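Have a look at the structure that comes next, please.
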Amino acid sequence: MRPLRPWMAPVLVFLLAAAACQPAAPPPALTPTVPPASPPGGGAPIRIGAPFNLTGGMASIDVPAANGARLAAEEINAAGGVMGRPIELLIRDTKTDPATAATVVTQLIEQDKVVAVIGFNDSDYVLAAGPICQRAGIPFITVGATSPRLPGQVGDMLFLAPFGDNVQAAVGAEFAFEKFGKTAYLLWDKGAEYTTVLAKYFKERFTELGGTIVLEDTYQSGDKDFSAQIAKVKALSQQPAFYYIAALPDDVGTIVKQFRNAGITGPIVGGDGYDTPLLIQVAGSAAENVFFTTHSLLAADSPNERVRKFVAAYKQKYGTEPEAVFAALGYDAVYVLAEAIRRAGSTDGQAIKKALFLEDYLEGAGVGIAAAQQALPVMMDALAPGSGLTPAGEVHMRADWSTFTPLPYAPGHARVLTDIYEGDAPWSHCPRSFLRRMIEQAGRRGWRIMAAFENEFYLLRREGDSVLPADATVFAQTAALDAAALLLEELTAALEAQGIVPEMIYAESGPGQFEMPIRYAEALRAADNQIVFRETVRAVARRHGLIASFVPKIFPDKAGSGAHLHFSLWRGDRNRTADPRRPDALSAEARAFIAGILQHLPALMAFTTPSPNSFKRIRPRFWSGAFTCWGYGNREAAVRVPQPPAGRPITHIELKTVDPSCNPYLALGAVIAAGLDGLEKGLDPGEPVQMDPADLPESERAARGIRPLPSTLGEAIAALEQDEVLLQALGPELARSYLAVRRAEWEAMKDMPHEEEVRILLERY
């Protein structure tokens, strides 16, 4: 197997002579607390919670993990503790019961006053306990729970010590495909998060390699009779090359034994749930020809000196070699946490979190890039004239470790978003820093902005030199969803694994076009989500042999693609978009915010519709918002107030003149700047327009202040050059470089044939 990480490689273990193996001795009983030593300095103990399932079905992997954690704490205390203070490890039994797990963790936080928590080897228990730690601001390292979806499900106080199920499932699939063949049987426990996720990722990777799942089946946690599943396997006209069974530790021995007793002798492959003494204890000789992925191979003769030392220390303390790899993960989790506390120089939860994220790793450094990168137009690698940037000089990208996310579509890889710094200060040209400034300005006025982008995109296929829609369906046809079902299922799962929740998906007006709104978030997170969304859609489409395109207008005679911006105004935890006295109408503050947007909208379009191609979508009677007006439920108004069901309050506002070619940080930041200007000046947007503004007489539009929006990028640039409010918000340096890039793109592409324009943009958007 090839290693996926230099510091931790998944290991594939196989059992060929299980009959010769002796059942492992039961692990020794644990004392509930590691008594703190008295290192020099005599500081108060640092209390760390250690909830584990020491009894019940998960005990076979959790007891070794707790043993490893206890060993690590004792070693750290013997060496002087952390910051001159001993570690007091509070080990508690959660009895393989999620409700008990939640209760125990609550007690550890509220009564025992722990500063952090380590524990659990299964996702269901992390899902029960993790949100409690998240709400309390307590860092939580899961010892062995492997679902890559957990950080998105729990929050940024959760950290995973092991590699994810996406990694081990991919390794298992690749190994089995190469060693055994291209057909597989798949069985998993549908009642457990771990087994469900593991099976999902195995199937994705195996079928991606060209393998075929000949039969899929499930069972329910607690089942002990697998005769029904076995009967289906035996009924197959031809047996698969191997059997992939995703099971919890308490089930693996039973399943393997029953399959073998039924005469199914082919290779059985699984995940780290097999790394338990129960496999041999229950299955005995039936465990022959079983293979599974796990986190490390713990052996007294390991070529890794650190592994040898750990095995020896564990054996000396407990009288047996580590019963499972989870012993090492428990050991590592305590050492990782101790190092984070040392790096933080504090037991404060946020400080520990920062150290666990390694936020100081790139402090004062970062990844260097040429400053001139911010002056490159979309169509060439040459500096835009007048940008003020030159090839000389570097700035540095500093990771925002709170955005660190494993990539579900690229096992073994992860993404982290960055801010750009010049020296010790955010760089004036950094788009993400610009949005941060606008958010801070809103905050100083007592406002929070929640937002989300509603993306449209095309799925395309290549035929020779041509690019064609992936299907020929029309708006809202279920046939489009059916045709792309596997892709959309994978896309949805990939987004959810990264903490992005799709609200819905449906076929849009164009053939091969889809729309997928995502759940709103704080403004900065909303812009981050837009970056992640676009990258994920494109990556998943490539895995299916298709191109996902966010070009605003690909086909001259078909619907364009927007990325409508939805936002709401909040004070503290209350949405103040609706009028509190009349919830079906806008609040005075929301009206003023809209008025600011409308007043600055011609200039805003240089950010929200920033490509020459963008303006081929902005046309009257195309539901794209071609006039400076607003209305309730009016899809021809540039600003639409979605109408909720009867009796429910207005929750948000939609800006339609936005498309996916925009930089979301600049677009959202500029919208906030315009809205704040409206609030500060108490602007009035006028009466809502409840008809197509194109149908109003020109004289009436003029009387109501309804203006046609720019029809070209050149007009939007000219409007921005005259907009002092937005220019001041940007700052002189960012304004200069941004305008220079947009002018260069406009001049180069304004007379370009549509086909050539799309060819260039397709590679970028």
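Within the stretch 379-408, track down each residue that is surrounded by 20 or more Cβ atoms within 10 Å (Cβ to Cβ) and more than 25 Å from the chain's Cα centre (by Cα).
L383, A384, S387, L389, V395
Let me ask something else about it. Kindly indicate whether any position in the stretch 92-108 is assigned to a strand (DSSP E or B) and either polar (S, T, N, Q) or out of contact with any Lys or Arg (no Cβ under 8 Å at 6 or more places or on another chain) (or both). Spell out the reasoning first.
Here is the first cut: in the stretch 92-108, the residues assigned to a strand (DSSP E or B) are 92-93.
Remaining after also requiring either polar (S, T, N, Q) or out of contact with any Lys or Arg (no Cβ under 8 Å at 6 or more places or on another chain) (or both): 92-93.
Taking every residue of the stretch 92-108 in turn, at least one turns out to be assigned to a strand (DSSP E or B) and either polar (S, T, N, Q) or out of contact with any Lys or Arg (no Cβ under 8 Å at 6 or more places or on another chain) (or both).
So which strands (runs of 3 or more DSSP E) stay within the stretch 222-295 end to end and still have 2 or more residues that are in contact with a Lys or Arg (Cβ under 9 Å, 6 or more places away or on another chain)?
The strands (runs of 3 or more DSSP E) meeting that bar are 242-246.
Inspect the stretch 690-701 for any residue being touching a strand residue (DSSP E or B) at 6+ places or on another chain (Cβ under 6 Å) and either surrounded by fewer than 17 Cβ atoms within 10 Å (Cβ to Cβ) or at pLDDT 95 or above (or both) and give the result as yes or no.
Scanning the stretch 690-701, I find at least one residue that is touching a strand residue (DSSP E or B) at 6+ places or on another chain (Cβ under 6 Å) and either surrounded by fewer than 17 Cβ atoms within 10 Å (Cβ to Cβ) or at pLDDT 95 or above (or both), so the answer is yes.
For (1) within 17 Å of G499 (Cβ to Cβ); (2) surrounded by fewer than 24 Cβ atoms within 10 Å (Cβ to Cβ); (3) touching a Gly at 6+ places or on another chain (Cβ under 6 Å), each residue gets a yes or a no:
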site: Q134; (1), (2), (3): yes, yes, yes
site: G137; (1), (2), (3): no, yes, yes
site: A145; (1), (2), (3): yes, no, no
site: V154; (1), (2), (3): yes, yes, yes
site: L160; (1), (2), (3): yes, yes, no
site: F163; (1), (2), (3): no, yes, no
site: A173; (1), (2), (3): no, no, no
site: F177; (1), (2), (3): no, yes, yes
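Something else now. Looking at L601 and the list (1) out of contact with any helix residue (DSSP H, G or I) (no Cβ under 7 Å at 6 or more places or on another chain); (2) over 28 Å from K558 (Cβ atoms); (3) in a helix (DSSP H, G or I), which single condition is not satisfied?
Condition (2) is where L601 drops out.
If you go through the stretch 183-198 one residue at a time, how many are closer than 15 Å to G273 by Cα and crowded, with 24+ Cβ neighbours inside 10 Å?
7
Let me ask something else. Taking the stretch 439-474 only, how many residues are among the acidic types (D, E) and either over 22 Å from G675 (Cα atoms) or modelled with pLDDT under 90 (or both)?
Total meeting the criteria: 4.
Among the residues of the stretch 426-451, write down those that are free of Cβ contacts under 8 Å to residues at least 40 places away in the same chain and assigned to a helix (DSSP H, G or I).
Correct list: S433, E440, G443, R444.
In the stretch 723-765, what count of residues is obtained for those that are under 18 Å from L666 (Cα atoms), outside any helix (DSSP H, G or I) and touching a helix residue (DSSP H, G or I) at 6+ places or on another chain (Cβ under 9 Å)?
Residues meeting the conditions: 3.
Considering only the stretch 297-325, state which residues are buried (at least 21 other Cβ atoms within 10 Å of the Cβ) and of a type in the set (S, T, Y). Steps first, answer last, please.
Of the residues in the stretch 297-325, the ones buried (at least 21 other Cβ atoms within 10 Å of the Cβ) are 298, 310, 314, 322-325.
Result: Y314, single match.
Please give the number of the condition P277 fails out of (1) within 20 Å of P64 (Cα to Cα); (2) of a type outside the set (S, T, N, Q); (3) buried (at least 18 other Cβ atoms within 10 Å of the Cβ); (4) touching a strand residue (DSSP E or B) at 6+ places or on another chain (Cβ under 6 Å).
(4)
Shifting gears a bit: Enumerate the pairs (first residue in the stretch 93-105 and more than 15 Å from A145 (Cβ to Cβ) and assigned by TED's automatic domain parsing to the domain that holds N53; second residue anywhere and among the basic types (K, R) and at pLDDT 95 or above) with beta-carbon separation below 7 Å, excluding pairs fewer than 6 apart on the same chain, so at least 6 apart or on different chains.
V104/R92
Look at H652 and say whether it is more than 31 Å from the chain's Cα centre (by Cα) and touching a residue at least 60 places away in the same chain (Cβ under 8 Å).
So H652 fails the test.
Would you call L666 outside any loop (DSSP other than H, G, I, E, B) and either crowded, with 23+ Cβ neighbours inside 10 Å or modelled with pLDDT of 95 or more (or both)?
On the way: outside any loop (DSSP other than H, G, I, E, B): yes; either crowded, with 23+ Cβ neighbours inside 10 Å or modelled with pLDDT of 95 or more (or both): yes.
Judged against the criteria, L666 is a match.
Is it the case that P685 is out of contact with any Pro (no Cβ under 8 Å at 6 or more places or on another chain), of a type outside the set (V, I, T) and either in contact (Cβ under 8 Å) with a residue 12 or more places away in the chain or surrounded by fewer than 19 Cβ atoms within 10 Å (Cβ to Cβ) (or both)? Before you say what the answer is, go through the steps one by one.
Numbers: out of contact with any Pro (no Cβ under 8 Å at 6 or more places or on another chain): yes; of a type outside the set (V, I, T): yes; either in contact (Cβ under 8 Å) with a residue 12 or more places away in the chain or surrounded by fewer than 19 Cβ atoms within 10 Å (Cβ to Cβ) (or both): yes.
Against the criterion (out of contact with any Pro (no Cβ under 8 Å at 6 or more places or on another chain), of a type outside the set (V, I, T) and either in contact (Cβ under 8 Å) with a residue 12 or more places away in the chain or surrounded by fewer than 19 Cβ atoms within 10 Å (Cβ to Cβ) (or both)), P685 qualifies.
Okay, moving on. Between a first residue in the stretch 353-371 that is surrounded by 19 or more Cβ atoms within 10 Å (Cβ to Cβ) and a second residue that is of a type in the set (G, A, S) and at pLDDT 75 or above, which pairs have beta carbons less than 7 Å apart while being 6 or more apart in sequence or on different chains?
K354/A344; A355/A340; A355/A344; L356/A340; F357/S402; A371/G393
Check D124, D156 and return the single one that is over 22 Å from Y331 (Cβ atoms) and part of a loop (DSSP other than H, G, I, E, B).
None of the others qualify; the one that does is D156.
What's the number of the condition L215 fails, among (1) aliphatic (A, V, I, L, M); (2) in contact with a helix residue (DSSP H, G or I) (Cβ under 6 Å, 6 or more places away or on another chain); (3) not in a helix (DSSP H, G or I)?
Going through (1) aliphatic (A, V, I, L, M); (2) in contact with a helix residue (DSSP H, G or I) (Cβ under 6 Å, 6 or more places away or on another chain); (3) not in a helix (DSSP H, G or I) one by one, L215 breaks only (2).
What pairs can you find where one residue is in the stretch 452-472 and among the charged types (D, E, K, R), the other is part of a strand (DSSP E or B) and loosely packed, with under 12 Cβ neighbours inside 10 Å, and their Cβ atoms are less than 8 Å apart, with a gap of 6+ or different chains?
none
Just a yes or no: is a residue in the stretch 721-732 in contact with a Ser or Thr (Cβ under 6 Å, 6 or more places away or on another chain), at positive phi, of a type outside the set (K, R) and modelled with pLDDT of 95 or more?
Within the stretch 721-732, one or more residues are in contact with a Ser or Thr (Cβ under 6 Å, 6 or more places away or on another chain), at positive phi, of a type outside the set (K, R) and modelled with pLDDT of 95 or more.
The values are calculated or read from the model by the stated rules, or taken from the named source; none is laboratory data. It should be emphasised that the depicted structure is a prediction, and the values quoted were computed from it without experimental measurement. Because the Cβ atoms are built from the backbone with ideal geometry, glycine has one as well, and the counts that use them run over all protein chains shown.
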